[in-house]
Amino acid sequence: MSSEAPDSALSTVMLLITGGRRLQERLDERLAGIGLSTRLLGALGHVARNSDLSYSDLARRAGVTSQSMRATILMLEELGAVRRTLPGQGHRARLELTDRGSSLLSDAHTVAAELDAELQAGLTAENKRALDHVLLYALGPVGAGSPPTAPGPLG
């Protein structure tokens, strides 16, 4: 990347969308190496945080349909990452993270940390803090109201 000042005609939204897509593609490529995708990782993270969610709750949190979430959970069950302790028909799914699921989450954190390190290569600690601050501030209004105070962990 050039050290020249950015063109003021560039759209911040388009830069973030393009950069986000490229980063997601790179993350998905690396997650595939451990048997995951960002979709599976997201669902796995939700289950890890709260095993008492319904498929509808999980779907809402992931921004997908209940049918899509059922397919995602089935894939996670086939991977041995989660198990159902209740059938999930007409009540909470009652999903449990398995040891395999915990291991996959740990591996995914490592993959993300490696990608973070590549993205931040060449940045000073001050530049990194400034980048984090700007992104948190800029993306705050897009999210659930106020900007978060610190980046959250994966999953």
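Tell me the net charge near residue 69. Cut-off is 11 Å between Cβ atoms, residue 69 excluded, with +1 for each Lys or Arg and -1 for each Asp or Glu. Each step should come with its number before you reach the end.
Working: positive: 39, 60, 61, 70; negative: 57.
Taking every Cβ under 11 Å from that of residue 69, the sum is +3.
Between the listed residues 104, 68, 137, the Cα displaced farthest toward the positive end of the dipole of the stretch 13-142, a dipole computed from Cβ unit charges relative to the Cα centre, is found at 68.
Using the count of nearby Cβ atoms within 10 Å as a rough guide to exposure, how do 17, 73 rank from fewest to most?
Values: 17 11, 73 23.
The most exposed by this proxy come first: 17, 73.
Placing +1 on the Cβ of every Lys and Arg and -1 on the Cβ of every Asp and Glu, with no other charges, gives the stretch 13-142 a dipole of roughly 440 debye about its Cα centre.
Any read-out appearing in this document is the output of simple, stated calculations on the displayed coordinates, not a laboratory observation. It should be emphasised that the depicted structure is a prediction, and the values quoted were computed from it without experimental measurement. Methodologically, a virtual Cβ is constructed for each residue, glycine included, from the backbone with ideal geometry; neighbour enumeration extends over all protein chains shown.
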